[in-house]
Amino acid sequence: MSTPHTTPGNPLAGQRVVVMGGSSGIGEASAVLFAADGAEVIITGRGQGRLDAAASRIGGKVTTYRLDASDRPAVDAFFAESGPIDHLVIALSGAKGGGSFAELDLAELAEGFDGKFWPHANTLQAALPTLRRDGSVTLVTAASARAALPGTAGLAAINGALEAMVPPLAVELAPLRVNAVSPGVVDTPWWDAVPAERRQALFDGFAAITPVGRVGRPEDIARAVHLLTANDFVTGVVLEATGGATLATGR
Ligand SMILES: NC(=O)c1ccc[n+]([C@@H]2O[C@H](COP(=O)([O-])OP(=O)(O)OC[C@H]3O[C@@H](n4cnc5c(N)ncnc54)[C@H](OP(=O)(O)O)[C@@H]3O)[C@@H](O)[C@H]2O)c1
């Protein structure tokens, strides 16, 4: 006899969710979904002004904590003060490490690891004593890890290193669930360093080779983050959210 279906209600209502890098882009959009579910959300970032502005856009039960995730003692202090946490999302950005490999300054690639790989690893390790035993961690990596796009070998190394950790950690840290969302190109403030006209041309070019015909919006990726956080039967997964851009044949 099969178990009757129950109405689980909202699995995240009343839960405590930390979004590292929640003051912008994908992290902020994820915080919006968690807050709308009635979760208690803590967003972190380095700029208090950006955190305050994001908190007012997010609404609901959201608090802010200013923190540089590359500063391990600061990350430890945060988790020592945070109280118990059910779910952790790590959406910290790192910008360095891209460009033609033949010309890539390897010191810049190391800075890329310092900007993304190590802050993710720091945060995940520091959070473990505070995270609910059967809660979840969701990393935000990047589809460059496997997309084979020229000029992205360094980014592939950084994000591939994080993605490679997901399956072994899902087994080693069980019943904690460990997953990642691997986004394609997403229109977020991450791209603000690129002049507007060039950025639009890049987005148009990516849209043209993407089966869904557009680049991503932060909320597209947030819905994937929410799915991995809320579904307690999913672990060890790297979920690509790329609009199909990484499919071999493209459009
Ligand atoms: N946008 C894309 O096209 C794209 C594509 C693939 C993957 N991704 C990945 O998606 C993730 C989120 O990117 P996004 O596009 O949402 O970027 P974003 O809009 O620039 O947001 C990044 C967030 O991380 C915070 N942050 C960055 N470094 C931090 C640090 N050391 N300590 C604490 N907070 C830090 C930022 O706040 P502060 O600056 O105030 O600290 C901000 O809240 C990144 O890992 C990125 O690599 C993005």
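No lab work stands behind these numbers, since they all come straight from the coordinates. Computed from a predicted structure; not experimentally measured.
Comparing mean-square fluctuations of Ala53, Ala157, Ala201 from a GNM of the chain with C-alpha springs under 10 Å, the top value falls on Ala201. Need the C-alpha centroid separation for the range 114-191 versus the range 9-57, integer Å. Measuring centre to centre over Cα atoms gives 18 Å. Derived scalar couplings between HN and Hα for the range 24-32 equal 6, x, 5, x, 4, 5, 5, 4, 4 Hz in order, rounded to whole Hz, by the Karplus curve 6.51 cos²θ - 1.76 cosθ + 1.60 (θ = phi - 60°), x for Gly and Pro. Maximal additional length on extending the Asn231-Lys61 stretch stands at 59.1 nm, based on 0.36 nm per residue less the C-alpha distance.
Quick check of the Kirkwood formula: for the chain, what is the inverse mean of 1/r over all pairs of different Cα atoms, in Å? Computed over Cα pairs of the chain, the Kirkwood hydrodynamic radius comes out at 18.5 Å.
Relative to the longest principal axis of the Cα atoms of the chain, the long axis of helix 153-172 lies at roughly 20 degrees. Near Ala69, no amide H atom lies under 5 Å from its own; only residues 5 or more places off or on other chains count, and H is placed 1.01 Å from N. Take every pair of alpha-carbon atoms less than 8 Å apart whose residues are at least six positions apart; their mean separation over the length of the chain yields a relative contact order of 18 percent. Here the Karplus relation 6.51 cos²θ - 1.76 cosθ + 1.60, evaluated at θ = phi - 60°, turns the backbone of the range 62-76 into coupling constants of 10, 10, 10, 8, 7, 6, 9, 5, 8, 9, 4, x, 5, 5, 4 Hz, with x for every Gly and Pro. Database remark: amide H of Arg177 closer than 5 angstrom to the amide H of Gly135, Ser136, Val137 (H placed geometrically; neighbours at sequence offset of 5 or more, or on other chains; Pro and chain starts carry no H).
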